[in-house]
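Working notes, beginning with the structure itself.
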Amino acid sequence: MTTRTRFAPSPTGFIHLGNIRSALYPWAFARATGGAFILRIEDTDVERSSQEAVEVILEGMKWLGLDHDEGPYFQMQRMDRYKQVLAEMKDKGLVYPCYMSVEELDKLRERQMAAKEKPRYDGTWRPEPGKQLPPVPEGVKPVLRFRNPIGGVVAWDDKVKGRIEISNDELDDLVIARPDGTPTYNFCVVVDDIDMKITHVIRGDDHVNNTPRQINIFRALGVEPPVYAHLPTVLNEQGEKMSKRQGAKAVTWYRDEGFLADGVVNYLARLGWSHGDDEIFTREQFIQWFNLDHLGKSAAQYDEAKLRWVNAQHMKMTSDAQLAVFVERELKKRGVKPDARLAGICGLFKDRCDTLLVLADWAQKFYGDVKPDAEEVAKHVTEPVKPAISMLARMLAECPWTKEDISAAIKEVLRATGLKMPQLAMPVRVLVLGTAQTPSLDAVLALSERDAVVARLKGG
Ligand code: GLU
């Protein structure tokens with residue numbers, strides 16, 4: 001059997017990290033098993049759906065490398081298909097019209113609540129052999145209700161939650177078409193999952209209550225339901241369900257903040273799944289290792305500090321040339337035009353950066369004015385070291401521009417003046433890069449432009 005998974009977001013808000021984890025796992029499962037990953041946009045809530053939200057989904061998935069094999073399908077474009085299936089179900093007696101008005105339903109609910117019963121539709125309009133249905137009211141358009149089985153249980157072996165059994169008596173006859181004929185949510189999902197031949201539904205556990213209803217519709221349509229895996233919620237740093245209203249940021253925010261797609265994929269992978277104690281892994285390893293047997297059972301909590309740490313590890317793992325491609329994009333946005341030195345600069349600084357933006361800040365210092373902080377200058381560029389700085393400036397104006405020659409010049413100045421390395425290196429760093437904390441001085445200088453270095457040292 002070829003596995004077929006899907007991600008079925010509703011474009012009703014900007015997709016955040018918690019939501020996109022529900023794309024990552026089905027994607028990884030499809031890739032791990034050589035199957036297909038399908039993207040389906042569930043846009044039937046016309047009031048709340050927006051094109052911008054669709055764009056964020058598409059952009060976010062593209063950025064993270066969660067490529068789909070089919071789709072995006074849009075539910076609004078599949079209305080005819082849903083109506084066709086509804087008509088078939090009507091012909092087979094699987095659905096029936098219900099004329100109960102909203103007022104009658106409210107009254108029914110009140111009565112049930114007063115009797116301490118669970119509110120549910122009471123089957124008034126459900127046809128049964130020998131049953132007399134009420135007279136059809138005039139001018140009322142009915143809803144269509146699904147004939148839920150009576151008695152027995154609906155059960156499935158959830159890949160995260162284990163066996164779940166729901167008694168059919170808990171489920172009333174679901175409305176699957178509104179009076180104007182438009183199909184409702186749970187019905188569309190089943191038709192899609194059947195048509196798209198989905199074998200594994202991996203989704204948030206906020207849908208677990210829909211599953212028994214969906215399974216019953218599957219079976220009524222003569223199709224065995226897929227395997228289900230309901231992922232526990234992702235909590236925000238305050239321990240609440242992650243949501244846009246609670247300040248969760250759109251996935252694309254992480255791209256714009258300079259996170260690496262591989263870092264975010266690694267972080268999200270661990271937010272609800274594990275492979276032994278492995279914390280840092282590549283996309284290839286993730287795909288190789290991913291299965292549905294090691295999904296976490298409890299809610300995972302988002303932790304930005306950990307995300308930054310994971311990203312920092314991926315910064316180190318990424319080649320200098322690849323980082324240079326990303327950083328160049330950022331520098332160009334800032335109006336800075338880098339050159340062939342950029343990969344070397346990225347290599348020298350990547351160990352101390354947790355995002356590409358931080359790396360771009362460093363790189364930018366090599367391409368334009370540096371304005372050292374006056375306090376730093378006062379602290380490090382003291383009278384006793386000024387002659388040494390001038391001497392270094394003179395030597396650097398002449399020597400071949402290689403790390404080895406620069407290193408030799410620095411040593412020569414130290415020998416001639418009797419200063420210790422930090423006494424010279426700190427002020428030189430402040431003057432050249434604007435900060436006393438940099439990687440080794442000879443490497444930094446070799447990647448700088450000679451004229452700029454000499455001018456900055458002379459200015460000091
Ligand atoms: N559209 C639903 C959501 O965004 C997902 C439905 C599903 O995965 O079955 O929550």
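Rounded to the nearest whole Å², what accessible area per residue is found for segment 80-169 with the 1.4 Å probe?
With the other protein chains kept in place, segment 80-169 gives 65 Å² per residue.
Suppose we take every Cα in segment 23-141 and form the convex hull; what volume per residue is that in Å³?
Spelled out: Cα convex hull of segment 23-141, divided by residues, is 224 Å³.
Quick check for you: with a 1.4 Å probe and neighbouring chains kept, what is the accessible area per residue of segment 336-460, in Å²?
The answer is 48 Å² per residue.
Lys and Arg at +1, Asp and Glu at -1: add these up for the other residues within a Cβ distance under 14 Å of residue 257 and post the number.
0
Mind listing the phi-derived Karplus ³J(HN,Hα) values for segment 301-315, rounded to whole Hz, using 6.51, -1.76 and 1.60 with θ = phi - 60°, and x for any glycine or proline?
10, 5, 9, 5, 4, 5, 4, 5, 5, 4, 5, 4, 5, 6, 4
For segment 178-277, just run the numbers: alpha carbon Rg, then divide by 2.2 N^0.38 Å, N being how many residues it has.
Dividing the Cα Rg of segment 178-277 by 2.2 N^0.38 Å gives 1.39.
Could you tell me the center-to-center distance, by alpha carbons, between segment 1-69 and segment 395-442 in angstrom?
Taking the Cα centre of each part, segment 1-69 and segment 395-442 sit 53 Å apart.
Rounded to the nearest 0.05, what FRET efficiency do residue 339 and residue 440 have when you use their Cβ-Cβ distance and R0 = 22 Å?
For residue 339 and residue 440, the calculated efficiency is 0.55.
So what J values fall out for segment 172-181 if you push phi through Karplus, 6.51 cos²θ - 1.76 cosθ + 1.60 with θ = phi - 60°, rounded to Hz, Gly and Pro as x?
Ordered by residue, 3J(HN,Hα) equals 8, 7, 5, 6, 10, 9, 7, x, 7, x Hz.
Got the relative contact order for segment 328-439 handy, in percent, Cα pairs under 8 Å and 6 or more residues apart?
28 percent
Explain nothing, just the number: relative contact order of segment 142-198, from Cα pairs under 8 Å at least 6 residues apart, as a whole percent.
35 percent
So which GluC sites (Glu not before Pro) in segment 394-460 end up in coil per DSSP with only 15 or fewer other C-beta atoms within 10 Å?
449
Starting from the Cα-Cα distance between residue 55 and residue 164, subtract it from 0.36 nm times their residue separation and give me the gain in nm to one decimal.
Between residue 55 and residue 164, full extension yields 35.6 nm more.
Pairs of alpha-carbon atoms within less than 8 angstrom and 6+ residues apart define the contacts here; what relative contact order does the chain have, in percent?
Computed value for the chain: 13 percent relative contact order.
Viscosity 1.567 mPa s, temperature 4 °C: what is the translational diffusion coefficient of segment 1-88 from Stokes-Einstein with a Kirkwood Rh over Cα pairs, rounded to a whole number of µm²/s?
My calculation gives 95 µm²/s for D.
As a test of the formula, what do you get for the chain when each DSSP H run with n ≥ 4 contributes -39,500 (n - 2.57) and the sum is divided by the residue count, at 222 nm and rounded to the nearest 500 deg cm²/dmol?
Here the helix-only value at 222 nm equals -14000 deg cm²/dmol.
May I ask you to give the average projected area over all directions of the convex hull of the Cα atoms of the chain, in nm² rounded to one decimal?
If I average the Cα hull's projected area over directions, I get 29.5 nm².
The values are calculated or read from the model by the stated rules, or taken from the named source; none is laboratory data. This structure is a prediction, so every number in the text was calculated from the model and none was measured. With ideal geometry, Cβ positions are generated from the backbone for all residues, glycine too; neighbour counts draw on all protein chains shown. The area values use the complete protein model at the heavy-atom level, side chains included, leaving out ligands, DNA and RNA. Shrake-Rupley method; radii C 1.70, N 1.55, O 1.52, S 1.80 Å.
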